[in-house]
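Beneath this line is the structure, given in structure tokens, with notes to follow.
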Amino acid sequence: MLSSIEAERVRNRLTKEALARQLGVSLKTYYNWINEETDVPSSALLKMSKVFKVDIDYLLAGAVGVKDTGNFAG
């Protein structure tokens, strides 16, 4: 599960429906992303990073197959 995205959604007091609407996707698509059924497109990650004011790397933290190398120069 992409828990960082869900944590930011809650911190920003957005419902799942509201965030999906902001991203221009259906609620089912959002659920598929969060549950890692389908990959989140880079365009959606970019939108989320702007909405939440965080790095894309943070949003992907905890995703299967994503390692934190500690080399982010952000």
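The values are calculated or read from the model by the stated rules, or taken from the named source; none is laboratory data. Since the model is a prediction, treat every value here as computed from it, not as a measurement. Note that we place each Cβ from the backbone using ideal geometry, even for glycine, and neighbour counts take in every protein chain shown. Note: areas computed on protein heavy atoms with side chains; ligands, DNA, RNA excluded. Shrake-Rupley method; radii C 1.70, N 1.55, O 1.52, S 1.80 Å.
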For residue 49, the lone unmet condition from (1) at pLDDT 95 or above; (2) open to solvent by 60 Å² or more (accessible area, probe 1.4 Å) is (2)
Taking the range 12-26 as the region of interest, how many residues are under 16 Å from residue 1 (Cβ atoms) and open to solvent by 30 Å² or more (accessible area, probe 1.4 Å)? 1
Enumerate the pairs (first residue in the range 35-47 and hydroxyl-bearing (Ser, Thr, Tyr); second residue anywhere and outside any loop (DSSP other than H, G, I, E, B)) with beta-carbon separation below 7 Å, excluding pairs fewer than 6 apart on the same chain, so at least 6 apart or on different chains. 38/32
Which pairs turn up if I take residues in the range 1-29 that are closer than 15 Å to residue 43 by Cβ and look for partners that are aliphatic (A, V, I, L, M) and open to solvent by less than 40 Å² (accessible area, probe 1.4 Å) with beta carbon separation below 6 Å, at least 6 apart in sequence or on another chain? 5/59; 23/44
